[in-house]
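Participant: First the structure, which I've put down as structure tokens, then a few questions once you've had a look.
The values are calculated or read from the model by the stated rules, or taken from the named source; none is laboratory data. Quick caveat: nothing in here was measured; it's all calculated off a predicted structure. Heads up, the Cβs are rebuilt from the backbone with ideal geometry, glycines too, and the neighbour counts pull from every protein chain shown. Remember, those area values only see protein heavy atoms, side chains included, never the ligands or the DNA or RNA. Shrake-Rupley method; radii C 1.70, N 1.55, O 1.52, S 1.80 Å.
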Amino acid sequence: MKLYTVNAGYFKLDGGAMHGVVPKSMWNKVNPADENNMCSWAMRCLLVETGNYRILIDNGMGDKQDEKFFGHYYPFGDTLETSLAAHGFTTDDITDVFLTHLHFDHCGGSIKMENGVLAPAFKNALYWSNHKHWEAAVKPNERERASFLKENILPIEESGQLRFIETPDGGEWIDDIRIRYVNGHTDTMMLPQIKYNDRTILYCADLLPSTAHISMPWVMAYDMRPLDTLKEKRQLLTEAVANNWVLFFEHDFKTECCTLQQTDKGIRIKEVFPLSEIDQRQ
């Protein structure tokens, strides 16, 4: 197995929304806001090359939206295509696109505009979601409607490339990749739990968007069920400490990976490092 960090760029979101009930006097020290109270966040994807599979986990927001849309989120930096190219891949090389959930900043790169028509950006890939989350995305509640965009979602099904994961919680989807389901952020978000050599890597998606969110009270205002998020964080972080897991962060502006330790003040970061250094860490 080989793992590659694939950066789909950066964007900005309201600092208060991203940090929930935590006061700005605290979170602003971690991720300073600009004059509009916006903080910068990554859209950090993960490419897993194993056997005949080249699995891309999430794919950022894409570039097909209009200027008004992007004016809310200020995208900047790398693109998915340039980041793949830096590792010697193109979108045509991807065999599977694993979608943790269908919010626009995680799945927008799934579909591109081609000659005025919406088409899969990964023409040779299967796209993976699950039945319960798909239903929530195509029939969104009022609070999530702005995150579930039909132009990102429906063309996947229309292409015939959509598949649904039936694996139970904690079960193995393919060799060395297990699925963990969480429901606090949105219905049935899927976190890949990857066995890499003698380590376990948890792709945190929006359960833990950044290292700051390791602290229990730091729960996004975007979460549908914040008390469930607390329970899910506690369960998975406890497992991570006990088994020396590596956490991979999708949205942390600076930090790709960390390990954890139990302290008198609760679970805290042990060390941080880029994914490229994982083989050097114990």
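Participant: β-branched (Val, Ile, Thr), within 19 Å of Ala8 (Cα to Cα), open to solvent by 10 Å² or more (accessible area, probe 1.4 Å) and under 19 Å from the mean Cα position of the chain (by Cα), is that true of Thr100? Working first, answer last.
Facilitator: Numbers: β-branched (Val, Ile, Thr): yes; within 19 Å of Ala8 (Cα to Cα): yes; open to solvent by 10 Å² or more (accessible area, probe 1.4 Å): no; under 19 Å from the mean Cα position of the chain (by Cα): yes.
It is false that Thr100 is β-branched (Val, Ile, Thr), within 19 Å of Ala8 (Cα to Cα), open to solvent by 10 Å² or more (accessible area, probe 1.4 Å) and under 19 Å from the mean Cα position of the chain (by Cα).
Participant: Within the stretch 174-187, does at least one residue satisfy the condition of being open to solvent by 30 Å² or more (accessible area, probe 1.4 Å) and within 14 Å of the chain's Cα centre (by Cα)?
Facilitator: Within the stretch 174-187, one or more residues are open to solvent by 30 Å² or more (accessible area, probe 1.4 Å) and within 14 Å of the chain's Cα centre (by Cα).
Participant: What are the residue pairs meeting all of these: first residue in the stretch 132-158, first residue closer than 18 Å to Lys112 by Cβ and part of a helix (DSSP H, G or I), second residue open to solvent by less than 70 Å² (accessible area, probe 1.4 Å) and of a type in the set (Lys, Arg), Cβ atoms under 8 Å, and 6 or more apart or on different chains?
Facilitator: Short answer, once both residue conditions are applied: Glu151/Lys64.
Participant: Here is a follow-up. Given the conditions (1) open to solvent by less than 10 Å² (accessible area, probe 1.4 Å); (2) in a loop (DSSP other than H, G, I, E, B); (3) in contact with a Ser or Thr (Cβ under 9 Å, 6 or more places away or on another chain), and given that Asp63 satisfies all but one, which numbered condition is not satisfied?
Facilitator: (1)
Participant: Condition check: touching a residue at least 60 places away in the same chain (Cβ under 8 Å), within 17 Å of the chain's Cα centre (by Cα) and more than 18 Å from Met43 (Cα to Cα). Does Val219 satisfy that?
Facilitator: Considered against the rule, which asks whether it is touching a residue at least 60 places away in the same chain (Cβ under 8 Å), within 17 Å of the chain's Cα centre (by Cα) and more than 18 Å from Met43 (Cα to Cα), Val219 comes out as yes.
Results for (1) outside any helix (DSSP H, G or I); (2) over 23 Å from Ile201 (Cα atoms); (3) of a type in the set (D, E, K, R), shown as yes or no for each residue.
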| position | (1), (2), (3) |
| --- | --- |
| Met18 | no, yes, no |
| Val21 | yes, yes, no |
| Trp27 | no, yes, no |
| Pro32 | yes, yes, no |
| Val48 | yes, no, no |
| Ala85 | no, yes, no |
| Asp105 | no, no, yes |
| Gly108 | no, yes, no |
| Lys123 | yes, yes, yes |
